[in-house]
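Please read the structure below before turning to the comments.
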Amino acid sequence: MTDEREARVPREVDEAWIEAATEHYRRLERCRAVLADRAAGADVTVRSGDGLVEIVVTADGAFRDVRIAESALRSRSARELSRTVLAACQQARTAAEWAQEKLHEQLFAGFRYPD
Amino acid sequence: MTRAVGDGILPAGWRPAAPPADRLDAVADDLLDLLDHVDHALHRYGVAPGHAIVAGLREFRALPGAVAAAIVHTDPAVPWQAAHDLAVRRSAVLAAAAPLDRYADRLGWAGAGRAAFDGRWAVLSAHLSDGLPASLAAAARHGARLAHWYAGLRAALRDFFLRYGTGPAAVDLRTAPVGTGGAAELSASGTAAVAAADLGAACFAALRPVLADGGALRRGVPGGSGGRDEPVARGGGRVLRVEPE
């Protein structure tokens, strides 16, 4: 155990510590529920660079929709289109993580874990 | 030479048995690192109400890592060496006392002075040949029991780590993004908290029966009667138990 961590984590536990720890757990549980609820309801839409593919993903990472423009079917080969869809999905995942972080910042700006 | 000492017959050259090798040192660093993560996660994420860890915390009054560190850093060889030294002293006292009786018998004088001497000598002789060796043996046996009990604690801690050190809870805890502070940490905090509590509760459960035996050991008074010479093995010899006096 590092000296720094040793200084933060108590060596002895009393009833007050247990009560605070259980309350802290409940508070985190509520925070997780709020974040999960808000993230599940926040859609993020990502469009491919050529504008032919759109991916809709929620902030918790669930893919909701894939929209492919009609023109893509005429102007792109199946292989090209597959690459575009895959790239858009990867961007959508990154965007979902970014959105979840933003939601976290908005909801819990003042929240601090115990030192 | 064998003498009746305290609660049993011990040879003059009796020595307490050394505690068994617990091999805790081989895993101590990894064990303490894991339980350091447990302590940190319990501190950072709290404890789930109703989880077994809560009862353990009330009972042990310390976080699992702190308990483990205290056990790891205590060497059972120290009380055992002290017990061994006491047994050596007992042998020396017995060896010194034996010829004194013969010398006293050969005294070539009689009368009131001799009677007075005999009265005092009888008391002193009994102390040298029985009382003092019995006290030394009792203290030595208590020290040996203490050493064996500590070895039992260390073995229990080792067994805990061998069973849980690479289990699912340990993996959950070690792969959690502890300390990152963002959404990922918050989302994973529940899993990490439960993993830490599971590991802590398992650690307490492993130590609990051996610690309970320590209560019996604490009640046993050096010099008391009725105890065994050495702790007896229990559970296939993995955990040592000190029988109540």
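The values are calculated or read from the model by the stated rules, or taken from the named source; none is laboratory data. In this text the structure is predicted, and so the values were computed from the model without any measurement. Because the Cβ atoms are built from the backbone with ideal geometry, glycine has one as well, and the counts that use them run over all protein chains shown. Ligands, DNA and RNA are stripped out before the accessible areas are found, and what is left, the full protein with its side chains, is counted by its heavy atoms. Shrake-Rupley method; radii C 1.70, N 1.55, O 1.52, S 1.80 Å.
Taken across both chains, chains B and A shield about 2700 Å² of accessible surface from a 1.4 Å probe. Sorted from longest to shortest, the spans of the Cα atoms of chain B along the three principal axes equal 98, 30, 28 Å. Heavy atoms of the protein chains alone define the surface here; on that basis the range B:51-149 has 48 Å² accessible area per residue at 1.4 Å probe size. Computed on protein heavy atoms with a 1.4 Å probe, the accessible areas place B:L107, B:L32, B:L162, B:L10 in the order B:L162, B:L107, B:L32, B:L10, largest first.
Across chain B, the longest piece that holds none of the trypsin sites (Lys or Arg not before Pro) lying in DSSP loops with up to 12 other C-beta atoms within 10 Å covers B:107-245.
Taking max minus min of the alpha-carbon positions on each principal axis, the protein assembly as shown gives extents of 133, 43, 31 Å, largest first. Taken over the Cα atoms of the range B:133-183, the convex hull encloses 81 Å³ per residue. Counting Cβ atoms of other protein chains within 10 Å of each residue's Cβ and taking the mean over peptide B:185-195 gives 4.
Computed over protein heavy atoms with a 1.4 Å probe, the carbon and sulfur contribution to the accessible area of the range B:92-186 reaches 64%.
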